[in-house]
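The values are calculated or read from the model by the stated rules, or taken from the named source; none is laboratory data. Since this is a predicted model, take the numbers as computed values, not measurements. Cβ coordinates were reconstructed from backbone atoms using ideal geometry, including for glycine residues, and neighbour counts include every protein chain displayed.
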Amino acid sequence: MQHQFFDHLSSIPSPLRDLDPRVKVVALLSLVLVVVLWPRLTSWQVLGYLGLLLALARWARLPLRPLVERSLAVVPFLALVAVAPRGLQLAGPIFARGALSALAMVILTSATPFPELLSALARLGLPRPLVLILSFMYRYTFILVDEAERMYRAWQGRAVSRQRRVLWQSLGGVIASLFLRSYERGERVYAAMAARGFDGEIRLLSPPKGLRGRDLFFLAAFAALLLAITIAWGGN
Amino acid sequence: MHIPDGFLDAKTWVTLSAASAAAVAYAARQSSKELEERQVPLLGVLSAFIFAAQMLNFPVVAGTSGHLLGGALAAILLGPWTGAMAITAVLIIQALIFQDGGITALGANVFNMAVAGTMVTFFLYRALLRLTGKWYLAAFLAAWASVVLAAGLAGVELAISGTSPWHLVIPAMVGIHALIGLGEAVITAAVLSAVRSLRPDLVASGLVPAQKEVA
């Protein structure tokens, strides 16, 4: 997990990135739902969804490698399925579902800057306290992960015990300092915000825009393709 | 133990999503009572802390390593509601950005790690504290239990979904995490002990509860 790559691909300019984030969320989540819920996926359907997603990734000018790597994150989990009797037969469809869903999510978050994604989720009904927490978390994760990495490197330099328990305890000390630094930073941030008149309400400088023609066109085209693949190659 | 998409059947993930949504909504209300308007910046920073702390690996056995889950730590330092909100925020980021856990499985993962691994763990910690009278022991046991409980629940959900047979998935999940949980337990207790000596005021302000019993 590398913090500097939180949403680094979203700086690549592309037609997909410029769409309203809400239509991207709705389109890709509906693909995930279809893939997860359709009772029996045929190989043609799997190939169809894969083709649709890869075309989308190409349209978004996303590099293939990181997309594939992250979609394969489900592989270690498959061990739990595959070792069972008749598990290999089960593992195929589960792998297809897991990997296609992950690919859809990587494309969504790689073609959408995180603040835009959050505003879309907020307007689609994610509860406000969570949205606000996530937006602060996004800002401070970079700082705290940097801090944690520096502290961790220093700990690795001085943690030379062969005893696991001693290592664990000394890492506990590192995490405690990280907690205190984070807590104190949180207090300072709050104090600075209170001094500037923060009252619990976040106000945006630029009000969110409405849906445009191309957003609706994209949504309609995506829905049509999704439906076509699901029905035409459904098999049953 | 972040369950990906496709590993749970519809009845399991829909039920768990509904349960988690209700629990998180309740936690949000309770947590805003605990922290008032400060909650937003502070909770965001503390969620980022949990996220960062989860990146620090510790050696477990023969070259394998584990990392902190932080459920018990968040529950004991921040209280059950605020702690659960922080863990939920971390799980959302992991599912959205890192494909660490699926999006339809998010409700299940929140249930295992934020509801059981944090909220339930808090009450377990309090009960253990009353029972043993030793906060260090209570924190150790609660942290171990939170990891094993979350892993066990993930195993149960996979088995109910027909993804993996009971006799295989339960021993595998619980067995591995019983060991990782020891690391979690030692680290959680060590963090709490250091915070108590460095910033006793955080303890006094109720972040580590039941200070009287501790002293």
Item to complete: Would you mind stating whether A:Gly125 is at positive phi and of a type in the set (Gly, Ala, Ser)?
Response: yes
Fill in: Check on B:Ile87, under 27 Å from A:Val25 (Cβ atoms), of a type outside the set (Phe, Trp, Tyr) and surrounded by fewer than 24 Cβ atoms within 10 Å (Cβ to Cβ)
no
Worksheet item: Are any residues in segment A:171-197 among the small types (Gly, Ala, Ser) and over 20 Å from A:Leu144 (Cβ atoms), and if so, which ones?
Response: A:Ala194, A:Ala195, A:Gly197
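Residue-wise test of (1) at pLDDT 95 or above; (2) assigned to a loop (DSSP other than H, G, I, E, B).
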{"site": "A:Met1", "(1), (2)": "no, yes"}
{"site": "A:Leu9", "(1), (2)": "no, no"}
{"site": "A:Pro13", "(1), (2)": "no, yes"}
{"site": "A:Asp18", "(1), (2)": "no, yes"}
{"site": "A:Ser30", "(1), (2)": "yes, no"}
{"site": "A:Pro39", "(1), (2)": "no, yes"}
{"site": "A:Gln45", "(1), (2)": "no, no"}
{"site": "A:Gly51", "(1), (2)": "yes, no"}
{"site": "A:Ala55", "(1), (2)": "yes, no"}
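This table checks each residue for (1) more than 17 Å from B:Tyr26 (Cβ to Cβ); (2) in a helix (DSSP H, G or I); (3) more than 14 Å from the chain's Cα centre (by Cα); (4) not small (Gly, Ala, Ser).
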| site | (1), (2), (3), (4) |
| --- | --- |
| B:Ala74 | no, yes, no, no |
| B:Leu77 | yes, yes, no, yes |
| B:Ala86 | no, yes, no, no |
| B:Gly117 | no, yes, no, no |
| B:Arg126 | yes, yes, yes, yes |
| B:Ala143 | yes, yes, no, no |
Practice prompt. Would you point out which residue out of A:Ala176, A:Ala194 is assigned to a helix (DSSP H, G or I) and touching an Asp or Glu at 6+ places or on another chain (Cβ under 9 Å)?
Written response: A:Ala194
Discussion item. Taking the conditions exactly as written (in contact (Cβ under 8 Å) with a residue 60 or more places away in the chain and either under 30 Å from A:Leu47 (Cβ atoms) or more than 26 Å from the chain's Cα centre (by Cα) (or both)), does A:Asp215 satisfy them or not?
Written reply: yes
Discussion item. I need the full set of residues from segment A:128-137 which are under 16 Å from the mean Cα position of the chain (by Cα) and more than 8 Å from chain B (Cβ to nearest Cβ), in order please.
Written reply: A:Val131
Discussion item. Within segment B:149-157, does at least one residue satisfy the condition of being charged (D, E, K, R) and surrounded by fewer than 22 Cβ atoms within 10 Å (Cβ to Cβ)?
Written reply: no
Worksheet item: Hey, any hits in segment A:154-174 for a residue that's within 17 Å of the chain's Cα centre (by Cα) and of a type in the set (A, V, I, L, M, F, W, C)?
Response: no
Discussion item. Quick check on my filter: what residues within segment B:1-57 are facing chain A (nearest Cβ under 10 Å), aromatic (Phe, Trp, Tyr) and in a helix (DSSP H, G or I)?
Written reply: B:Trp13, B:Phe49, B:Phe51
Worksheet item: Do you know which residues across segment A:95-127 are modelled with pLDDT of 90 or more, more than 9 Å from chain B (Cβ to nearest Cβ) and more than 17 Å from the chain's Cα centre (by Cα)?
Response: none
Worksheet item: Looking at segment A:71-94, which of its residues are more than 8 Å from chain B (Cβ to nearest Cβ) and part of a helix (DSSP H, G or I)?
Response: A:Leu72, A:Val75, A:Pro76, A:Leu78, A:Ala79, A:Ala82, A:Leu88, A:Gln89, A:Ala91, A:Gly92
